[in-house]
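Trainee: Have a look at this one before I ask anything.
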Amino acid sequence: MSESNRRILFLVLCAVALLDTGAHITQSFVNYPTWHLIDAGSFSAYHRAITIRAVVFLLVPRVVEIVIGLIVLRFRPRAVERWVVVLGIGLAFGAFLSTALIQYPIHTQLEIQGNTPELLSRLMATDWIRNLPEFARSALYVWALARVVNFSEHSERAVTPVPR
């Protein structure tokens, strides 16, 4: 695979990761804090409807990101060291595990019991376990993307003759 295609593949990985982080930020800081305003009688129906959308806009991009990350691990741009991609995949997988093992069981209880203050507080408090790897992964990929751009500029300068 050409270096140019490797850079594009890494850019796609970064775009999917940042999209996923943005979706989780919206969930954490826009949706969850307002759930206490939803009438208890209609919360379960609302929660079922939003869960379907969460699978499409939160879970699917996460799985796609991990798959692309594994491909990038094999076809990295020269400016991106292996440890960066391994750490990025690990952080994405850590956030996925947090969702599966911590947040999903709380969501299951919310659907059964409704939007009780205790469950909503626990959901928002434990959401930081997922958000910290989200933020770290996004920062890591933006840093690595800056290295790719900088490396690319230096490589082009070295090959392109300076006009006189």
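Trainee: Would you work out the relative contact order for segment 3-157, in percent, from Cα pairs under 8 angstrom that are 6 or more residues apart?
Mentor: Working: 133 pairs, mean separation 57.6, N = 155.
It rounds to 37 percent for segment 3-157.
Trainee: Hey, fewest Cβ within 10 Å first, where do His24, His47, His36 land in order?
Mentor: Values: His24 23, His47 19, His36 13.
With the sparsest Cβ surroundings first, the list reads His36, His47, His24.
Trainee: Expected output is a single nm value to one decimal: the length gained when fully extending between Arg48 and Ile71, i.e. 0.36 nm times separation in residues minus the C-alpha distance. What is it?
Mentor: Values: separation 23, 0.36 × 23 = 8.28 nm, distance 3.38 nm.
Value of the extension gain: 4.9 nm.
Trainee: Where does the charge balance sit around Glu65 when Lys and Arg score +1, Asp and Glu -1, over other residues with C-beta under 13 Å from its C-beta?
Mentor: On the way: positive: Arg62, Arg137; negative: Asp20, Glu134.
Charge balance in the 13 Å sphere: 0.
Trainee: Next question. Please report the net charge: other residues with Cβ closer than 15 Å to the Cβ of Asp20, K and R +1, D and E -1. Show your work: numbers first, answer last.
Mentor: Details: positive: Arg53, Arg62, Arg130, Arg137; negative: Glu65, Asp127, Glu134.
Residues near Asp20 contribute +1 overall.
Trainee: While we're here: Are there any helices in the chain, counted as whole DSSP H runs, that stretch 27 Å or more along their axis by Cα and score at least 0.0 on average by Kyte-Doolittle, and if so which?
Mentor: On the way: long enough: 3-26 (34 Å, 0.91); 117-159 (62 Å, 0.05).
The answer, listed by residue number, is 3-26, 117-159.
Trainee: Tell me the mean residue ellipticity at 222 nm calculated for the chain from its helices only (DSSP H runs of n ≥ 4, each -39500 (n - 2.57), averaged over every residue, nearest 500). Write out the running numbers ahead of the final one.
Mentor: Values: 6 runs with 124 residues, N = 164.
After summing the helix terms and dividing by the residues of the chain, the value is -26000 deg cm²/dmol.
Every number here is computed from the coordinates shown, using simple stated rules; none is lab data. Just so we're clear, the structure is a prediction, and the values are computed from it rather than from any experiment. Ideal geometry is used to build each Cβ from the backbone, glycine not excepted, and the neighbour counts take in all protein chains shown.
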